[in-house]
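J.: Could you have a look at this structure, given as structure tokens, before my questions?
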Amino acid sequence: MGRNIRKRRSSMATKAVAASAALALGGGGLIWANFYASAHESNSGQNQTKAANAAAQVATISCPDVGQKLNNVPNGAKQGVATELANLDKQITEAYSRLASTRQAQANDSSFVQNAITGPLKEKRAATIDRIRINIQRSGGQFDNSLSQLAACTTQGANTNAGQAGNGQQQNGGQQQGGQNNGGQQQNGGQQNGGQQQGGQNNGGQNNGGQQNGGQNNGGNGQGQNGQGGNGPTAADFVDITKVQANAQLGVGANGLAANGNSGSRGTFTSNCGTNGNDNHNTDNVIVAPGVANGAHHLHDYVGNQNNDAFASDQKLLSAGTSCQNQGDKSSYFWPVLRVQDGSQDFDQNNDGGGKEGNVGKILQPAQAQIKFVGNKRGKVVAMPTALRIITGDAKAFVNGNANANVNWSCTGFENKVQLETQYPICPQGSQVVRTTNFQSCWDGKNIDSANHRTHVAFVQGNGTCANGFKAIPQLQVRLVYNVPAPKLQNGTVVNPYAVDTFPENLHKPITDHNDFINFFSTNLMNKMVNCINTGKKCK
């Protein structure tokens, strides 16, 4: 049963009304209470002020990513495990919603978060992880008992740098990515601080808390009217790209290392699949949450295959229509939508994965969506297997850490100079926002997927070779270009920001950008691609 959402957005966007004391997202979603006036005007003394300040520092919940730690899941347990992993995500979303709606209680009671939110969440997660154990063991698999220790969650502030965030569970977990990530972190570390300085009081008690409850931080500057309700983005998440020191050389060394060069297989293959002009969206992710509606908790753009939803089998995808000009490409390309928070609503304002989970504002259709496959600078590539799945980037990178992050933000006219990971660019007049993703281009030669959806593929090493006996495959490169009204930074706040959809607890941080691909090229077209790349041709 398909559930792709194709609903034409109304051209008459309505304005959301800002509430001075509280802001409700999606008519029943996240509710952010403004507790500052009561906390600071009360006469209960220094202890309550300290409690309010402590509450102000708690922006989100950080939980270890259990799915990334799974090494082997028997076939008979895959659906049950996927369902339980989706339950873990749902539990975090619900706990984050409670965190967001109880700021007054947190200000009054320093133990409230532990007693009412993270404590009960730990109990729910422990039970869910145990059900994962049962699923695996019933199907004859081995369960890693250390996963049971991942039930506990912590809290963190809004301005924690990606890579230092969360529990550090993923810091060393990426395949051949650690060193490359450090380069990416260095490239943007200075700019991150710069963005915070532009925010003025961004690290001060008042503004920090405002980021968390929406009302105080956003009141009067327009962002509150956008309905984002304080779960991001903030002024610290943006930087004027004209003020960023050139770092493109570092950007090339980040996770999304371009595979091709001046030797080896130098050809290219481009597939023109449109820009999702037919509004093919849903909040599913058939790779990580098959059979689970709203498994992504945010909205995806889909181009290429037109039948991708949580319930799509490989057979259904093979028989689907495609938006690609070459009908031999039925591959599915999907990524989180980009929205501008200008005060308008879109069709999903009251939906799960949309406004109910903090993803609000007008959805922006890309002005361009370039899908290109390139070769390997050290040698020839081999064909991708049918139904190969690749996830690149990490939708939870803000709380997971950046081991699996793969982000490149820039502006037209600046792409060869500046690539950003931890901030969104503010582009000058006449320049457009660009999201570029270079996918993993080494394959283990056996599997179309893996338990954690990572270990069957890898990025090339620094010298362009594939490690561990992996085979070089064509590297998918996706370049998305958007006409985005430039946000403005005013007195430590951001007016009319834009942001990618995220899991709500990840606060719409730019580091959470990600991209997904499922290969359904016909055998003939895949062979043509490989031949073009290996012989140095440019094909379509």
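The values are calculated or read from the model by the stated rules, or taken from the named source; none is laboratory data. Note that this is a predicted model, so its numbers are computed, not measured. When we count neighbours, we look across all protein chains shown, and the Cβ atoms used for this are built from the backbone with ideal geometry, even at glycine. For the accessible areas, the whole protein counts, side chains as well, though only heavy atoms, and no ligand, DNA or RNA atoms are used. Shrake-Rupley method; radii C 1.70, N 1.55, O 1.52, S 1.80 Å.
J.: Being part of a strand (DSSP E or B) and crowded, with 18+ Cβ neighbours inside 10 Å, is that true of even one residue in the stretch 346-361?
T.: The answer is no; no qualifying residue exists.
J.: Given the structure, is Ile371 over 18 Å from the mean Cα position of the chain (by Cα), in contact (Cβ under 8 Å) with a residue 60 or more places away in the chain, under 26 Å from Ile448 (Cβ atoms) and not in a helix (DSSP H, G or I)?
T.: yes
J.: Pull out all pairs, ordered by first then second residue, where Cβ-Cβ is under 9 Å, the residues are six or more apart or on different chains, the first lies in the stretch 297-311 and is within 20 Å of Phe347 (Cα to Cα) and open to solvent by less than 10 Å² (accessible area, probe 1.4 Å), and the second is of a type in the set (Asp, Glu) and assigned to a strand (DSSP E or B).
T.: Hits for this filter: His300/Asp516.
J.: Restricting to the stretch 377-395, name every residue that is part of a loop (DSSP other than H, G, I, E, B) and under 27 Å from His297 (Cβ atoms).
T.: Within the stretch 377-395, Ala387, Leu388, Asp394, Ala395 qualify.
J.: So, one more: Among the residues of the stretch 396-439, what is the count of those that are closer than 28 Å to Gly141 by Cα and part of a loop (DSSP other than H, G, I, E, B)?
T.: Number of matching residues: 3.
J.: Would you confirm whether any residue within the stretch 343-365 is under 29 Å from Cys442 (Cβ atoms), touching a residue at least 60 places away in the same chain (Cβ under 8 Å), touching a Phe, Trp or Tyr at 6+ places or on another chain (Cβ under 8 Å) and not charged (D, E, K, R)?
T.: The answer is no, given that none of the residues of the stretch 343-365 is under 29 Å from Cys442 (Cβ atoms), touching a residue at least 60 places away in the same chain (Cβ under 8 Å), touching a Phe, Trp or Tyr at 6+ places or on another chain (Cβ under 8 Å) and not charged (D, E, K, R).
J.: Now a separate question. Going by what's in this entry, would Gly445 be described as in contact (Cβ under 8 Å) with a residue 12 or more places away in the chain, within 25 Å of Lys316 (Cα to Cα) and either touching a Gly at 6+ places or on another chain (Cβ under 8 Å) or part of a helix (DSSP H, G or I) (or both)?
T.: Spelling it out, Gly445 is indeed in contact (Cβ under 8 Å) with a residue 12 or more places away in the chain, within 25 Å of Lys316 (Cα to Cα) and either touching a Gly at 6+ places or on another chain (Cβ under 8 Å) or part of a helix (DSSP H, G or I) (or both).
J.: Could you grab me the full set of residues in the stretch 510-540 that are of a type in the set (D, E, K, R) and under 30 Å from Ala499 (Cα atoms)?
T.: The answer is Asp513, Asp516.
J.: State all residues of the stretch 103-153 that are touching a residue at least 24 places away in the same chain (Cβ under 8 Å), open to solvent by less than 30 Å² (accessible area, probe 1.4 Å), over 17 Å from Gly80 (Cβ atoms) and not in a loop (DSSP other than H, G, I, E, B); if no residue qualifies, say none.
T.: Arg103, Gln106, Ala107, Val113, Ile117, Thr118, Leu121, Leu150
J.: Moving on to the next point. Identify all residues within the stretch 505-540 that are of a type in the set (Val, Ile, Thr) and either open to solvent by less than 10 Å² (accessible area, probe 1.4 Å) or under 11 Å from Gly328 (Cα atoms) (or both); write none if there are none.
T.: Ile511, Thr512, Ile518, Thr523, Ile533
J.: Tally time: how many residues in the stretch 434-484 are farther than 22 Å from Gln68 by Cβ and open to solvent by less than 10 Å² (accessible area, probe 1.4 Å)?
T.: Number of matching residues: 10.
J.: Out of all the residues in the stretch 325-343, is one or more open to solvent by 10 Å² or more (accessible area, probe 1.4 Å), outside any loop (DSSP other than H, G, I, E, B) and over 21 Å from Asp394 (Cα atoms)?
T.: no
J.: Residue under question is Val494, and the condition is that it be of a type in the set (A, V, I, L, M) and at pLDDT below 95; does it hold?
T.: When the stated conditions are applied, Val494 passes them.
J.: Go through the residues of the stretch 494-512 one by one and say whether even a single one is more than 19 Å from the chain's Cα centre (by Cα) and closer than 18 Å to Lys377 by Cα.
T.: Checking the stretch 494-512: not a single residue is more than 19 Å from the chain's Cα centre (by Cα) and closer than 18 Å to Lys377 by Cα.
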